[in-house]
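Chemist: Pasting a structure here, questions to come.
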Amino acid sequence: MKVSFFSSRFAQIAALVLLLGLGLGIRLYDLTDLPLDFHPTRQLLSALKARGMYYQTLSDIPTEQKSFAVQQWKIRAAIEPEIVERLVAFTYQFTGEQIWVAKIYSSAFWVIGGIFLFLLARQLTSVDGALVATAFYLFTPYAVAASRSFQPDPLMVMLIIIFWWAVYKWSDDPTSYRWAILAGLFGGFAIYVKFVAAFFVIGGGLGSILRQESLFETARRPQVYVMTVLGILPGAAYVIYGVWIAGYLGQQFGGRFIPALFLSPSYYLGWVGMLNIVIGGIALMLGWLGLFFVDEKKRRFFLGLWGGYALFGIYFNYHISSHDYYSLPLIPIVALSLAPLAEWFFTQLTALTPTRLARFSAFGLLLFGIFASLWNIRAEMKATDYRPEAQMWAEIGKTLGDKNTAGLTQDYGSRLAYWGWTSITTWPTYGDLVYHDDLRGAQLEFDGLFEDIALKKELFLVTDFDELKRQPLLKEKLSGYPIFAEGDGYIIFDLTSTGLQ
């Protein structure tokens, strides 16, 4: 029997509690800053929906304000079930509209996922390997930023991990209905929260099945069908309702798979770039090397996880190479893959630290590494304060008033809608134009686009000046109109009159 580096049960529990406590603590740091540090477009989508849900229940606010909040909720794209948004909106009943409530929920989801990741990694390897896997999962810099964001992904990742744990337990006792039902419920709920979870649920399920017996043998077990039905029903019901009954999901499945990208180097280089952002090349390499440190049966489970991610990236080929948070479920996969390598490392370290002083010194070095990493993450959070932006957007909203406005702004006008209580018609970004022109075959001529979007408006707002530089035709066109108003971070052009100033 292998001796753990964390020799006593108390030391093991204390180490796990410390990791989980630090993981939650760093995520709650700078809690009240605005949600603009990580994919603000996606976060503000959820924020506007939650506010609309909350304002719909209020009776002591101006009718115009209530109508605007509810309208912004209703017109926003319905991508996934509004679970986290409704949870946040419900909490607003007690806290008032405090957008940081979402950070608490997302952070809690991620940390709870860390508990089940530890349990699974311990079963796959040892306590030592499980603690390292949990530390990587909690303290990877990208994971800290992503897991406190206002979007369903942290909840989805938590449910995927719990499914992996439950289905692995079931594969150890394939006659058990309890584990089959538990796995089916969590897998089904993960897919319901976000449909892309199906790739990781199926991959983990197949990996668990194949480590013990063949597909033919498994197909004869009724527990598999119980688990499958429970896994399919919630997501299938939502898709059927959203596509064929309510109709709001019809357009959400377009543009995800673009066959032409397989012939483009940008797809492969973009995917590698996203992996570097989310995981980092060294951690990815060590995760792959960890697969050599497990026996063949357990390796099948790991390969099922990696295979699910690979198929996911092939199907969502545009998003996997351009949206880093699409690779968020890869973090627990790499964390688990690091566990076998970490187990081997700590076995060597245990042999090299036979005395209490040597063991204490090793503990100190490990803690120093964790705290140094956390200090850097904290410094990055503290470096930028987004709070002043709320006042800027409120000022812009007041300046625009009820005038019909188009604009080139951050996050498709979501910041203005949230803090400025004003809706505008948004001008497409350079990336949008490239996506429609080059990838999907649409031809958007500038003059026609400007006529459709801008010439029917009174004002044109610009706050994203970097984006304006990427569109010289728009910049030249706007220079021919007088300035209606300008301030720190924005300029408004008057489209009702022409002529150079």
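The values are calculated or read from the model by the stated rules, or taken from the named source; none is laboratory data. Source: prediction; values computed, not measured. Don't worry about glycine lacking a Cβ; one is built from the backbone with ideal geometry, like all the others, and counts go over all protein chains shown. Accessible surface areas use protein heavy atoms only, side chains included; no ligands, DNA or RNA. Shrake-Rupley method; radii C 1.70, N 1.55, O 1.52, S 1.80 Å.
Chemist: Straight distance only, please: which lysines reach the Cα of LYS477 with their own Cα at less than 17 Å, same-chain residues fewer than 8 apart left out?
Modeler: Result set, ordered by chain and number: LYS456, LYS457, LYS469.
Chemist: Further, regarding this structure: For SER266 paired with MET285, estimate the spin-label separation in nm (one decimal), with each label point 7 Å from Cα along the Cα-to-Cβ line.
Modeler: So the label points at SER266 and MET285 sit 2.9 nm apart.
Chemist: On to the next question. Just by accessible area at a 1.4 angstrom probe, what is the order of ASP466, ASP488, ASP173 from largest to smallest?
Modeler: So, going from the largest accessible area down, we get ASP488, ASP466, ASP173.
Chemist: Remind me, what semi-axes does the stretch 1-90 give for its equivalent ellipsoid, largest first in whole Å, using sqrt of 5 times each Cα gyration tensor eigenvalue?
Modeler: Equivalent-ellipsoid dimensions as semi-axes: 43, 14, 13 Å.
Chemist: Further question: Per residue of the chain, what 222 nm ellipticity follows from adding -39500 (n - 2.57) for every DSSP H run with n ≥ 4, rounded to the nearest 500?
Modeler: Dividing the helical sum by the residues of the chain leaves -20500 deg cm²/dmol.
Chemist: Kindly give the semi-axes, whole Å and largest first, of the ellipsoid equivalent to the chain, taking each as the square root of 5 times a Cα gyration tensor eigenvalue.
Modeler: Whole-Å semi-axes of the equivalent ellipsoid: 45, 26, 23.
Chemist: If you roll a 1.4 Å probe over the heavy atoms of the protein chains, what accessible area per residue do you get for the chain, in Å²?
Modeler: Roughly 47 Å² per residue, with all protein chains present.
Chemist: For the stretch 61-146, how big is the tail of P(r) above 20 Å, as a whole percent of Cα pairs?
Modeler: Tail of P(r) above 20 Å: 55 percent of Cα pairs.
Chemist: Among 332-345, 371-384, how do they line up by average Cβ neighbours within 10 Å per residue, starting with the highest?
Modeler: 332-345, 371-384
Chemist: Please find the FRET efficiency linking LYS477 to ASN276, where r is the Cβ-Cβ separation and R0 is fixed at 41 Å, and quote it to the nearest 0.05.
Modeler: 0.65
Chemist: Within the stretch 64-94, whose backbone N sits under 20 Å from a point 7 Å along Cα→Cβ of ASP402?
Modeler: Backbone N within reach: 64-72.
Chemist: Starting from the amide H of ALA485, placed 1.01 Å from N in the peptide plane, find each other amide H under 5 Å away whose residue is 5 or more places distant or on another chain.
Modeler: ILE492
Chemist: With both bridge residues required to lie in the chain, what share of the DSSP beta bridges run antiparallel, to the nearest 5%?
Modeler: Beta bridges within the chain, antiparallel portion: roughly 55 percent.
Chemist: Still on this structure: Just tell me which aspartates and glutamates come within less than 15 Å, Cα to Cα, of LYS66; anything on the same chain fewer than 8 places away is out.
Modeler: Those aspartates and glutamates meeting the cut-off are GLU97.
Chemist: Per residue of the stretch 385-392, in order, report the coupling 6.51 cos²θ - 1.76 cosθ + 1.60 (Karplus, θ = phi - 60°) as ³J(HN,Hα) in whole Hz, putting x for Gly and Pro.
Modeler: 10, 8, 4, x, 5, 4, 5, 4
Chemist: Give a residue-ordered list of calculated ³J(HN,Hα) values for the stretch 457-467 (Karplus: 6.51 cos²θ - 1.76 cosθ + 1.60, θ = phi - 60°; whole Hz; x for Gly, Pro).
Modeler: Per residue, the Karplus-derived 3J(HN,Hα) values read 9, 8, 10, 10, 9, 10, 10, 9, 6, 5, 5 Hz.
Chemist: Quick one: work out Rg over Rh on the C-alpha atoms of the stretch 252-321, Rh as Kirkwood radius.
Modeler: Looking at the stretch 252-321, the ratio lands at 1.05.
Chemist: Okay, next question. Give me the distance in nm between label points sitting 7 Å out from Cα along the Cα-to-Cβ direction at ALA394 and THR32, one decimal.
Modeler: With each label point 7 Å from Cα toward Cβ, the separation is 1.3 nm.
Chemist: A further question follows. What is the percent carbon and sulfur in the accessible area of the stretch 1-93, measuring with a 1.4 Å probe over the protein chains and ignoring ligands?
Modeler: 62
Chemist: Hey, rough spin-label estimate for THR496 and TRP244, points 7 angstrom out along Cα→Cβ, what's it come to in nanometres?
Modeler: 5.1
Chemist: Tabulate in residue order the Karplus-calculated ³J(HN,Hα) for the stretch 309-320, using 6.51 cos²θ - 1.76 cosθ + 1.60 with θ = phi - 60°, rounded to whole Hz; enter x for Gly and Pro.
Modeler: Coupling constants for the stretch 309-320: 5, 4, 5, 4, x, 6, 6, 8, 5, 6, 6, 5 Hz.
Chemist: Around PHE484, with a cut-off of 15 angstrom between Cβ atoms, what is the net charge of the other residues, counting Lys and Arg +1 and Asp and Glu -1?
Modeler: Value of the local net charge: -2.
Chemist: Show me the three semi-axes of the equivalent ellipsoid for the stretch 453-501, from the C-alpha gyration tensor (sqrt of 5 times each eigenvalue), largest first, rounded to whole Å.
Modeler: Sorted largest first and rounded, they come to 16, 13, 10 Å.
Chemist: Over the chain, what relative contact order in percent results from Cα pairs under 8 Å that are six or more residues apart?
Modeler: 15
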